Amino acid sequence: MPPVSSADADSADTTATAGSATPGRTAPTASAAPTAIAEPTAAQPNDSGDGSDSGGSSNGGSSNGEGRPRPQSRLRPPADQTAASTTATTTTATTATTATTAAVATATAVAPAAAPAAELGARGRKRGGRSSGRVRRAIHLVGAGETTPGSLRRPPAQMNRMLTVLACSSMLIGAQDMWNRTVINEHNHAIVVMLYFGSIIVLGVLALSVRTRRAMTLVDGSVLAVAALECVNRFYTVTAASPPTDATSSHVYYGTDEGSLIHMAAKTLLHGGHMYGTQWPQIFEMFHVGTTPLMNGGAATGLDYPPLGPIFTSVPMALGLSHPPAGIAATAMLVLASLVMFLLLPVAWRPVAVIVCYGFGWLPNYAEMGYPGCMELPFLLVVVAYWQRTGRGGRLGRRGVVQAVCLGIACCLHQLTWFLAPFLVVGLYLIRRGEMPARDAAKVVGRYVAIAAGVALVINLPFILQGPKPWLQGVLAPILQKAIPSGQGLVGISYYFRDGSGDLSLYSDAGLLLGAAMLVLLVVFPRRLGLAVTVMPWLVFYLSTRSQEDYFDLTVPLWVMAAATVSSVEFDRAWQPRPRLLRTRTVRALLVPVLLAPALLSLFGAVLTPPPLRMRITAMSGNNGSGTLALSDVLRQLTVRVSNTSDNPLSPHFATSTGATTSPYWRVLSGPAVIAAGQSVTYVLLAPSEGVVAPGVSDRILLRAVTPDPMSLTTQLIGFGPNQQTVNSLLGQAKVKEQSAALTAARARAAAAARGSGRSHRQR
């Protein structure tokens, strides 16, 4: 055969592409249109977020040796050549159709005999395909995209090495404290701490010396395992059981009333009682924990969380474990959360799971105390990981259903999920609406919401049937119970820097208004704000009356997960509603201050509204005496003159503060329960328990007066803690006065005795 030139080869390729039939292959029909050659498109960013190279060109073109695809030819053939090609295609297709018909007839005759064997072969291939598919999915889950042998043999990313070293460094936080706790009295735990230190050093060396990504994955997994084991070791050391001191005390350690209430609810559940509607005021003596004071003078003594936390706690409690069961449940869920985070993060980001869940130290502390917020973390991490892909193509799929189920479970563990869910649902609809009609987007998002709501309803249904009203009051208690202000939010302006506020509820109103405004801004600017969906909800708590640090600390893993797995490419195609009013950039810019204005006005109202009471300390006494000496040791009693300057009758309750926290309420020895408008009365107050420890030198002690309706706060300075020199001087003055009074009394007695002796002499 003579050699074929390149021109002949191109001609032959063109003829074959035009539809020439080859033996054993069905030719395309004449009606098939020529395939258009797509123009090259820009390479899309890697959605997995790991920054790894896929190894192929983005548009399917050949490489020119410099990493850029070669441009494809877009020349069109002349009209006569196109017509000739079409005629040849039609003639060839007719011949191929006749041959195909004969082949089909022959195959039909042979099919009955070959059917059983073909069916068995198909079943075998199907089973083998299923098993191999499961293996591939498992490898994909563990390797997070690194599934090919070539990619696993490549060197680890430099960022991966750096984050692994940082994870090892963060594991040293708190290790010295554990060593000090265990080295004398707990030798078994001390040996674990010794091995822990050695493991950190060895893993640090391996992180900087391994050569392949497969080995780096093993190192990262080992770092996670060591950190989790030390978390468990720390839990059993900190919460070590000890014999109860008396019959009413409990040896179980929590350190906060959250875990104590979860504990009592789980105990009530195991004994067949009703968790909601039952109060446990004995927890403060049993567990030696502080109270959460309410504005009405009481304290939170009932379950004010969804029911799944006590259900999880009831498992270790039923097993009879001596350590705090709520802490066991929360620690177990934290370990699960770290594993979920490790598997779902991109390969190079995986050490962040160790840093966030264990390295900082706050999450293990919350878990030890039985916080239900730790129990919701593994489920919320599944929800927010790659959440922008949920419902892609109009189908939830297995991943979407799992995420919806996890969202429903998280809603039954803590109320924090309730504030995150609206932002996720709105963001999900905007993304899906950008790729499909509104009706289809609403359907897929509606299925997602329906599954989550259905799961939450099924979990809550038994408790709703027990008593709808107690259940509703319990799960809504953190929102409606009017707890005393606390936290690092803007409520501190009135609580720490001013004399109080006449309407503290305006802070919570400002938070809700800000949350609603951010939700509207997400709809208007989804491409700008979409990546911040997991962070925006917590602005609500920054403005509310309860803005404690745990509301923010417990959600940090969600921020990290979303930052690592959510790509901005999805939001570039998100739907942005643009009615006629919002079509100009100026109007959209003005919309931001308009939406934020109600929250700012409510905030200003809370700050500027004056407190309704005026207080003046008229007397105080303590262990060392009265007056200034009362502030040198333990303060026991106060006499206060209170005036109601508002137009409403008020029911005040009194407490003191020497720091960020507030004492339990003082008992009123004398004084009315209600102060009429414009009335001035005197109260004599007795300190709780055995008194309130006075502040340190030059530190302040404040008297707080709160009212539930309206929610108001009035603050009055009691005094400063005196220094030792002042105390000695005052004690000296008091001693001189005491001696002078004793001398005066002795002289008076002597004079009285002399006068009595004179009268007796005269009588004689």
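The values are calculated or read from the model by the stated rules, or taken from the named source; none is laboratory data. Everything numeric in this text was worked out from a predicted model, so none of it was measured. Ideal geometry is used to build each Cβ from the backbone, glycine not excepted, and the neighbour counts take in all protein chains shown. In case anyone asks, the SASA skips ligands and DNA or RNA and just uses the protein heavy atoms, side chains included. Shrake-Rupley method; radii C 1.70, N 1.55, O 1.52, S 1.80 Å.
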* Asked: So what is the accessible area of the range 298-407 per residue, in Å², with the probe set to 1.4 Å?
  -> 27 Å²
* What accessible surface, in Å², does a 1.4 Å probe find on HIS274, ignoring ligands, DNA and RNA and rounding to the nearest 10? -> 90 Å²
* To do: Starting from the coordinates of the alpha-carbon atoms of the range 404-478, obtain the Kirkwood hydrodynamic radius over all distinct pairs and give the value in Å to one decimal.
  => 13.5 Å
* Quick one: grab Rg to one decimal and Dmax as a whole number for the range 244-364, Cα atoms only, in Å. => 16.9, 54
* To do: Would you mind computing the Rg to Rh ratio of the range 297-426 from its alpha-carbon coordinates, Kirkwood style for Rh?
  => 1.01
* Structure fact -> Interchain or sequence-distant (5+) residues whose placed amide H lies within less than 5 Å of the amide H of ALA619 are THR639
* Structure fact -> Going residue by residue through the range 396-407, the Karplus relation 6.51 cos²θ - 1.76 cosθ + 1.60 with θ = phi - 60° gives ³J(HN,Hα) values, rounded to whole Hz and with x marking Gly or Pro, of 5, x, 5, 4, x, 5, 4, 5, 5, 4, 5, 5
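Hey, if we sort THR639, THR417 by accessible area with the 1.4 Å probe, largest down, what's the order? If you can, show how the numbers build up before the last one.
Details: THR639 30, THR417 0 Å².
The ranking, largest first, comes out as THR639, THR417.
When the accessible area of the range 245-392 is split by element with a 1.4 Å probe, what percent falls to carbon and sulfur?
On the way: 2870 of 4520 Å².
Carbon and sulfur: 64 percent of the exposed surface of the range 245-392.
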* With a 1.4 Å probe and every protein chain kept in, tell me what percent of the accessible surface of the range 591-674 is carbon plus sulfur. => 59 percent
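Tell me the net charge near GLN637. Cut-off is 14 Å between Cβ atoms, GLN637 excluded, with +1 for each Lys or Arg and -1 for each Asp or Glu.
Values: positive: ARG636, ARG667; negative: ASP633, GLU690.
Net local charge, GLN637 excluded: 0.
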* Structure fact -> Once the mean of 1/r over all distinct C-alpha pairs in the range 369-424 is inverted, the Kirkwood radius in Å reads 11.6 Å
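Can you give the local net charge around ALA329? Use residues other than it whose beta-carbon is closer than 15 angstrom to its beta-carbon, Lys and Arg +1, Asp and Glu -1. Walk me through the intermediate numbers first.
Details: positive: LYS267; negative: GLU258, GLU368, GLU376.
Result for the neighbourhood of ALA329: -2.
How do 212-220, 594-602, 298-306 rank on mean C-beta neighbours within 10 Å, highest first? Could you put the intermediate results ahead of the total?
Numbers: 212-220: 19.8, 594-602: 16.1, 298-306: 21.8.
Taking the mean over residues of other Cβ atoms within 10 Å, the ranking is 298-306, 212-220, 594-602.
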* Asked: Got a sec to turn the phi values of the range 441-454 into Karplus ³J(HN,Hα) couplings, 6.51 cos²θ - 1.76 cosθ + 1.60 with θ = phi - 60°, whole Hz, x for Gly and Pro?
  -> 5, 5, 5, 5, 5, x, 5, 4, 5, 5, 5, 4, 5, x
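With a 1.4 Å probe and every protein chain kept in, tell me what percent of the accessible surface of the range 444-538 is carbon plus sulfur.
Details: 2980 of 4230 Å².
The value for the range 444-538 is 70 percent carbon and sulfur by accessible area.
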* To do: Would you mind listing how long the range 443-577 runs along its three principal axes, going by Cα atoms, in whole Å with the largest first?
  => 50, 43, 29
* Asked: Quick one: what do you get for the range 587-634 if you divide its Cα Rg by 2.2 N^0.38 Å?
  -> 2.40
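Translational D (Stokes-Einstein, µm²/s) of the range 537-648 at 37 °C and 0.692 mPa s when Rh comes from the Kirkwood sum over C-alpha pairs? Each step should come with its number before you reach the end.
Working: Rh = 20.6 Å.
Translational D for this selection: 159 µm²/s.
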* To do: Once you have all Cα-Cα distances for the range 315-370, histogram them in 10 Å bins from zero and send the whole-percent values.
  => 25, 43, 24, 8, 0
* Structure fact -> Under the Karplus relation with 6.51, -1.76 and 1.60 and θ = phi - 60°, whole-Hz ³J(HN,Hα) for the range 187-201, x at Gly and Pro, equal 5, 4, 5, 5, 5, 4, 5, 4, 5, 4, 4, x, 5, 4, 5
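Just round it to a whole percent: the fraction of Cα-Cα distances in the range 571-718 exceeding 21 Å.
Working: 6087 of 10878 pairs.
Value for the range 571-718: 56 percent of Cα pairs lie more than 21 Å apart.
Relative contact order, percent, of the range 585-673 when contacts are C-alpha pairs under 8 Å separated by at least 6 residues?
Working: 83 pairs, mean separation 16.5, N = 89.
Rounded, it is 19 percent for the range 585-673.
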* Asked: What residues have an amide H closer than 5 Å to that of ILE718, excluding those fewer than 5 places away on the same chain, when H is modeled at 1.01 Å from N in the peptide plane?
  -> ILE701, LEU702, LEU703
* To do: When you have a sec, figure out the Kirkwood radius of the range 348-503 from all distinct Cα pair distances and drop it here in Å to one decimal?
  => 18.3 Å
* Shape metrics for the range 658-716, restricted to C-alpha atoms - Rg then Dmax, Å -> 13.2, 38
* Show the residues, 5+ positions off or on another chain, whose built amide H is closer than 5 Å to the amide H of SER547. => SER486, GLY487, GLN488, GLY489
